[in-house]
Amino acid sequence: MVAGAPVLMARTLAHRDAGSLPGVSAPATEHAPALAARGLTKRFGRRVALRDVSLEVAPGEVVAVIGPNGAGKTTLLSILAGLQTPNAGAVSRPPREVGWVPQAPAVYGRLSVVENLELFARLEKIPDPGEAVARMLEQAGLVDRAGDELGTLSGGNRQRVNIAVGLLADPPVLLLDEPSASLDPAQRERLWAFLAALSGRGRAVVFSTHNVDEAHRHADRLIVLAAGEILFAGAPRELEELAPDDFEAAVVRFLEQRGR
Amino acid sequence: MRWLLLKDLRILRRSPLLVGVLVAYPIVIAILIGLALSRAPERPRVAFVNEVASADTSFEIGGQRLDASRYADELFRSIDPVRVGSRAAAVELVRSGDVLGALIVPAAVTRRLQEAINLSGSGERPRLEVIYNIEDPLKAQAVESAIKARLGDANRALSGELTKLASRYLNVLLSGGRFSLLGQDFDVLGLQRSKGLLEQVAADLPPGSPAAAEIRRVAAFAQLAIENLDLSDEVLATVGEPIAVKRTVLKGASTPLEAFAVSVAVTISLMFVTILLGAGMLALEREEHAYGRLVRGLVSRVALLAEKVVLCAACAFAVTLAMLAGIGAFVDLDWGRAPLWMAALAAGALAFGALGVALGALAREVRAASLLAFGLALPIAFLALVPAGAVAATLQDVIGVVSALFPFRPALRAIDAAVNDAEPGITGALVHLGVLTVAYVAIARLALGRFA
């Protein structure tokens, strides 16, 4: 949870207008942002991991956060998810209104799929946990594996459960930290189809990745982070001009031009 | 918290090996320690060679014949004698390790003892011979201590006989009478009768006679000797045992060793189950990557710690209460004190549980947490069991402070007070455990700052 005064402000704002923050320039969307952050700064000792980062994500929008190692991608998502507290800045929604899918499946290997979902549904205080669990089993295509222990599932299926837990409370925003890192190509395709369907239903999706081509293919908007600062925020096509046939080369060239 | 508790119980139920080891290990350790504490050490096996001919085993003190074998029996109270026929056979048994040592009673021992009593012969004191290995210093010390202690008893018994004899001689000297020495009977006048005779002779002499004055001086000397010899019994008793011991127990030690061993065994089981479970189950939240998901609004960090403490305390409480009830089938326990048992076990389990979650929060990984818990638990227990006065005063103070910082000693005191009604009672120990519980939860909460 984002602690202190910024949280109070963020909660107030969340109740007021579903996620916008004053002073944050919104992208060209017709709706109020699903998630907004303003002036996020995070320091670890003397090292600055994030420096005055602001962003907004529209409902139904898919945003990819890319950048070199140590750029601050995971730190940014952790703050948006409420796992870490920023030294400065605020997030528009409290953690309970944001779905969080960490890179490693955050579920219990000794419990079955349905037991994991039931547990988190109860902890989320969802009014009808049974209905929510049944819905997520259906959406994640896990009805047949509902009684299986997590430890016996493949990495792809575990990741599906991981995402399903993040979506149990039906949040308007879903944050995913490198969601495809441990998946094979077929599992990856199923993941992106699943996320596309979510976005089609109006959920905002923000994910971090090292795979630039994946970001190019599946994101509506890119945020390029380096050394804790946003260097670029816009549609992928705006970077394509730097290397029209190779998007990864275009990103590398962009970073070189910016001295990173 | 209820759902987390149910989740953890479900995980434990699906880990039968872990639960089995977690329950069996402390119980086995506790039983071993309990046995070690409650049973007297085995008597060391010692080869025994008696070279004294059976006809020569007695000696005479003041006309009274005493059997030397009676004094040898003193030795056998502390050793398990393996009787052999010769010194060579005894040495061989010691060499082979079949016995820890050998005790040899030379043929001349009773003769020399008789000569020493009679103040005759060469003046050489009677000696016994002890042979042992020093390969194992602990065993060698045990044998040496046992033989020295029992020889001391035998010497004291002989000294007592000699004191009695000397006292009889002095009484004869004082009051007169008959006694035997070197086979001859003597009739002794005695100082008291001598003084009477002298006074009578002096009275019969003419007044002013110089001889009467001399005789009265001798009678006065006899009176002085009579008065001082009256104290001879006390003097001789003091020579035989210069320092007597009066035992006064001021505090503690009100629990018999066997009953105390029950308390130790239960406390050790309580400690192992709670510390290992608490450390492991908290670290498991991190290893399963669920910690971050839980504390971002679903559960507060303090509630998560409280859930783990309650979980492991409840499990340990159930295990140790069952253990205590099981022990009660074999050892005489006061079942009327069962509510106090439960209070002591609950308070101890909560304090150990809090220590466990603190270790889990500091170690962060299940294996590291388990290792840390194992590594810490045994020294804590051993330090708390070091008896007062067994080490230097400064070290004792350090041990006291260290033991007060961990729950073992107060938990042991609480359980001992609850089970055995031991002093100084249960209240102080319960308060101590409560303070430690709060302190360790606070430490765990601080450690969670770097847990995710």
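The values are calculated or read from the model by the stated rules, or taken from the named source; none is laboratory data. Keep in mind that this is a model prediction, so the values were computed, not measured. Positions of Cβ are generated from backbone atoms using ideal geometry, with glycine treated the same way; all protein chains shown enter the neighbour counts.
Got at least one residue in the stretch A:182-191 being touching a residue at least 24 places away in the same chain (Cβ under 8 Å) and touching a Lys or Arg at 6+ places or on another chain (Cβ under 6 Å)? No: zero hits.
Test A:ASP148 against the criterion of being within 14 Å of chain B (Cβ to nearest Cβ) and crowded, with 21+ Cβ neighbours inside 10 Å, and give yes or no. So A:ASP148 fails the test.
Are there any strands (runs of 3 or more DSSP E) wholly within the stretch A:55-128 with 1 or more residues that are within 11 Å of chain B (Cβ to nearest Cβ) and either crowded, with 19+ Cβ neighbours inside 10 Å or of a type in the set (Phe, Trp, Tyr) (or both), and if so which? First the steps, then the outcome.
Details: elements: A:62-66, A:88-91, A:98-101.
Hits in the stretch A:55-128: A:98-101.
The number of residues in the stretch B:212-229 that are under 13 Å from B:GLN192 (Cβ atoms) and among the acidic types (Asp, Glu) comes to 1. Scanning the stretch B:376-395 for residues that are small (Gly, Ala, Ser) and farther than 15 Å from B:PHE352 by Cβ turns up B:ALA388, B:GLY389, B:ALA390, B:ALA392, B:ALA393. Of all residues in the stretch B:173-184, one or more are at pLDDT below 75, closer than 30 Å to B:GLU227 by Cβ and of a type outside the set (Gly, Ala, Ser). A:MET136 fulfils the conditions (1) within 11 Å of chain B (Cβ to nearest Cβ); (2) within 18 Å of A:ASP170 (Cα to Cα); (3) in contact (Cβ under 8 Å) with a residue 24 or more places away in the chain except for a single criterion, (1). Inside the stretch B:427-440, residues that are of a type outside the set (Ser, Thr, Tyr) and surrounded by fewer than 22 Cβ atoms within 10 Å (Cβ to Cβ) make up a count of 7. When residues in the stretch B:396-452 are screened for being more than 30 Å from B:VAL295 (Cα to Cα) and in contact (Cβ under 8 Å) with a residue 24 or more places away in the chain, 21 of them pass. Note on the stretch A:186-213: residues that are part of a helix (DSSP H, G or I) and out of contact with any Phe, Trp or Tyr (no Cβ under 8 Å at 6 or more places or on another chain) amount to 14. Of all residues in the stretch B:297-323, those satisfying the criterion of being at pLDDT 90 or above, surrounded by fewer than 18 Cβ atoms within 10 Å (Cβ to Cβ) and more than 16 Å from B:LEU6 (Cα to Cα) are B:SER300, B:ARG301, B:VAL302, B:ALA318. Applying the selection to the stretch B:355-369, what residues are part of a helix (DSSP H, G or I) and surrounded by fewer than 19 Cβ atoms within 10 Å (Cβ to Cβ)? Passing the criteria: B:ARG367, B:ALA368. Against the test of being closer than 30 Å to B:SER194 by Cα and at pLDDT below 80, the options B:ILE117, B:ILE147 yield a single qualifying residue, B:ILE117. Per the conditions (1) assigned to a helix (DSSP H, G or I); (2) within 14 Å of chain B (Cβ to nearest Cβ), the sole criterion not satisfied by A:LEU175 is (1). In the stretch B:283-303, the residues that are over 22 Å from B:SER370 (Cα atoms) and facing chain A (nearest Cβ under 9 Å) reach residues that are among the aromatic types (Phe, Trp, Tyr) and part of a helix (DSSP H, G or I) with C-beta atoms within less than 8 angstrom, at least six apart or across chains, in these pairs: B:ARG293/A:PHE120; B:LEU298/A:PHE120.
Could you tell me which of the residues B:ALA452, B:ALA411, B:ALA418 is over 22 Å from B:MET271 (Cβ atoms) and touching a Leu at 6+ places or on another chain (Cβ under 7 Å)? Criteria check complete, one pass: B:ALA452. Can you spot a residue in the stretch A:151-160 that is in a helix (DSSP H, G or I), within 14 Å of another protein chain (Cβ to nearest Cβ), within 18 Å of the chain's Cα centre (by Cα) and without any contact (Cβ under 8 Å) to a residue 60 or more places away in the chain? Yes, the stretch A:151-160 contains a residue that is in a helix (DSSP H, G or I), within 14 Å of another protein chain (Cβ to nearest Cβ), within 18 Å of the chain's Cα centre (by Cα) and without any contact (Cβ under 8 Å) to a residue 60 or more places away in the chain.
A residue that is in a loop (DSSP other than H, G, I, E, B) and either touching a residue at least 60 places away in the same chain (Cβ under 8 Å) or closer than 19 Å to B:LEU298 by Cβ (or both) occurs somewhere in the stretch A:34-49.
When the residues of the stretch B:241-282 are narrowed to those that are in a helix (DSSP H, G or I) and of a type in the set (Val, Ile, Thr), which ends up modelled with the lowest pLDDT? Steps first, please.
Here is the first cut: in the stretch B:241-282, the residues in a helix (DSSP H, G or I) are B:257-282.
Adding the requirement that they be of a type in the set (Val, Ile, Thr) leaves B:262, B:264, B:266-268, B:273-275.
Values: B:VAL262: 83, B:VAL264: 88, B:VAL266: 89, B:THR267: 92, B:ILE268: 90, B:VAL273: 89, B:THR274: 93, B:ILE275: 94.
Taking the candidates together, the pick is B:VAL262.
Cβ-Cβ contacts under 8 Å between residues 6 or more apart (or on different chains), taken from a first residue in the stretch B:333-348 that is at pLDDT below 90 to a second residue that is not in a helix (DSSP H, G or I), are listed as B:ASP334/B:ASP421; B:ARG337/B:ASP421.
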